[in-house]
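Coordinate-derived values only; no laboratory data. Not measured: the values here are computed from a predicted model. Methodologically, a virtual Cβ is constructed for each residue, glycine included, from the backbone with ideal geometry; neighbour enumeration extends over all protein chains shown.
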Amino acid sequence: MDAYSHNSASAHGLTPWHGTTIIGVKRGDRTVIAGDGQVSMGNTVMKPNARKVRRLGEGGPEKGKVIAGFAGATADAFTLFERLERKLEQYRGQLMRAAVELAKDWRTDKYLRNLEALMIVADKDVLLVITGNGDVLEPEGGIAAIGSGGNYALSAAKALADYEDDAEKIARKAMKVAADICVFTNDNVTVETVAP
């Protein structure tokens, strides 16, 4: 699997998201998730500086060692962030286990099934895409992108990965490309990093 973008989402029966680009890049022992700040309603920019990438578990035993970014409905994404934090507490910070359990709930729970969002999550060991179809995907090559500008960011990051080793530089440059091409993505970028 190379990435999970809005085109892949459509192929899997999910709503394609407009108004965001989120990219995750894992290089060596460092993982970065970056996202733009634009929230659009139709053709109108409602907010230019939303924070769609954040640390999870700041107060829990994992103390912010997990980062996450979302594409989709904001309220739905916050609900999923809260659920993932609870799963992380339940499984003592094991991100893979928590992600699988969240994906199971998301797919089978009547309330959660209606949530419209996609997530990229990471800790020091793993980078994952979580979907409402029950998928937990680990991207090949350590690069994943979601949202309306996801394919642009993914393409740029893959090209940069051949000669750039710094995960944050790759993510920032890829976000710049997406912002230059996708009208639903801006250059107000939030970046979170995890490293040992």
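Quick notes
- Within the stretch 168-196, being touching a helix residue (DSSP H, G or I) at 6+ places or on another chain (Cβ under 9 Å), of a type in the set (D, E, K, R) and either farther than 19 Å from Pro48 by Cβ or assigned to a loop (DSSP other than H, G, I, E, B) (or both) holds for Lys169, Lys173, Asp187.
- Some residue of the stretch 122-137 being under 24 Å from Val66 (Cα atoms) and assigned to a helix (DSSP H, G or I): no
- Strands (runs of 3 or more DSSP E) wholly inside the stretch 20-87 that include at least 2 residues being closer than 19 Å to Ala171 by Cβ, in contact with a Phe, Trp or Tyr (Cβ under 8 Å, 6 or more places away or on another chain) and not polar (S, T, N, Q): 53-56, 66-72
- Only listed residue being touching a Gly at 6+ places or on another chain (Cβ under 7 Å) and surrounded by fewer than 20 Cβ atoms within 10 Å (Cβ to Cβ), chosen from Leu127, Leu115, Leu137, Leu88: Leu115
- Selection count where residues are assigned to a helix (DSSP H, G or I) and crowded, with 16+ Cβ neighbours inside 10 Å, scope the stretch 142-167: 13
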